[in-house]
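The numbers here are math on the coordinates, done by the rules we state, and not lab data. These figures come from a predicted structure and were not determined experimentally. A quick note on method: Cβ atoms are made from the backbone with ideal geometry, for glycine too, and the neighbour counts reach across all protein chains shown.
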Amino acid sequence: MRPSVLESLALEATTKIVLLVLDGVGDLPDPVRGGQTPLEAARTPNLDAIVPASALGRLQPVAPGITPGSGPGHLALFGYDPLETVVGRGVLEALGAGVRLERGDVAARANFCTVDGAGVVTDRRAGRIRSEECARLVGALRAGAERIEDVEIVLEPGMGHRFVAVLRGAGLAGDVSDADPHKEGKPVPVAHALAASPSAEKTARVVNAFVARAREKLRGEQPANGVLLRGLSARPGLPGYRERFKLRAAALAAYPMYRGVAELAGMEVLPVGETPADAFAAAAKRWREFDYFFIHVKGTDMAGEDGNFGAKVETIETVDRALPALLALEPDVLCVTGDHSTPVPARAHTWHPVPALVRASLCGADGAARFHERAARAGSLGVLPSRDLIAILLANAGRLDKYGA
């Protein structure tokens, strides 16, 4: 559907929509566990209670056979075409870390790393240092790299070994390669301009100077004695939820990247703890203020990438134990789905469609007994592009006008 058509039909209303995203929830049958997926193996009595009155189906995040990253996966769920809406990872990380990006800023996702005497990266994550250590080291870098040429360097610590670097000044561009080898055993590569422009060349020059200055500043530190930068990008201008769909939207996500993509979509990012119970409690506290709540759960994706079937099951069960608090709010529309599949056997994101559940008074209940991949394949929603999910949610919430006479 063309965005202009959907946006022209959007109506003001008082109904409430909740999008509960279990990151990477989609999976494949495990022959060792009787052909079950984690959703099938999990004990989910609270979810089971609402499934018969729900419509089920599957979402295609990008296109058949295309494996999505987390950014495109979420942008699609939010109603943006992931092939047309390209957002750099640096921008998402910066916004998620609470950095207000100004016009012309270039942001990068940064890591502390370990390098040997020859400058070869021996650990891209610096032993996964603690967040407190990351904050200390970012403070040290701030004291020694506030400005390079006429460019201000804005640094913000993240979780573990991660931090955000923003270049702020005139004549910058995001068309610059990564200063990151993406694997151990190689030196930090020199960033270079990906476009023949003075702005990209200037940005690459500043990036390389910052990496060198950080290496000097971190001399003597262990294991974090170097930095890597990747995903350099400038903030795009996207129309937000209020403008597009007449929704006052809120985001409840603990991890920076997901807060970032929600902020890009025009959502107000609310403070929240790391557990599903924390998120549901935060939604209850602000329930009257918003029409739409995006709630993100990271643990399913982490367990899938670790190849840990049991941990994925436990995360799903943790969500289910907390679910009564969310159901007590009586949202008019509740959708439970994922941004992509992260099957345990693959230990990575994959292209497989993602199971989706929509519960609403007029959803056309399928009468299924449980919510999992097998049931979703037989559901009445069929296979939808993820970007069309927002239309289903708006329609079920009575927020779309009739098309045509």
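Give or take rounding to whole Å, what are the principal axis extents of the alpha carbon atoms in the stretch 92-234, in descending order?
Dimensions of the stretch 92-234 along the principal axes of its Cα atoms: 36, 30, 24 Å.
Considering only DSSP states other than H, G, I, E and B, which GluC sites (Glu not before Pro) in the stretch 64-144 qualify as loop sites with at most 13 other Cβ atoms within 10 Å?
84, 102
Okay, which of the stretch 381-399 sit inside 19 Å, backbone N to the point 7 Å along the Cα-Cβ direction of residue 248?
394, 397-399
Compute the relative contact order of the stretch 238-343 as a whole-number percentage, counting only Cα pairs closer than 8 Å that sit 6 or more residues apart in sequence.
26 percent
Taking the stretch 142-189, which GluC sites (Glu not before Pro) meet the DSSP loop condition and have no more than 15 other C-beta atoms within 10 Å?
Answer in residue order: 146, 149, 184.
So what is the relative contact order of the chain, in percent, for Cα pairs below 8 Å that sit 6 or more residues apart?
33 percent
Of 260, 226, 364, which is the most mobile in a GNM of the chain whose springs link Cα atoms less than 10 angstrom apart?
Of 260, 226, 364, the most mobile in the Gaussian network model is 364.
For residue 118 and residue 182, what is the calculated FRET efficiency with R₀ set at 25 Å and r taken between the beta-carbons, to the nearest 0.05?
Efficiency computed from Cβ-Cβ geometry: 0.85.
For Cα extents along the principal axes in Å, pick the label among (i) 118, 62, 59; (ii) 59, 42, 37; (iii) 63, 54, 39 that corresponds to the value derived from the coordinates.
Recomputing Cα extents along the principal axes in Å here picks out (iii).
How would the stretch 271-338 be classified by its alpha-carbon gyration tensor: rounded, prolate or oblate, with rounded meaning a/c under 1.5 and the a/b versus b/c comparison settling the rest?
Prolate shape, in that a/c is at least 1.5 and a/b is the bigger ratio.
Find the centroid of the Cα atoms in the stretch 28-65 and in the stretch 285-342, then give the distance between the two in whole Å.
Here the two parts' Cα centres lie 13 Å apart.
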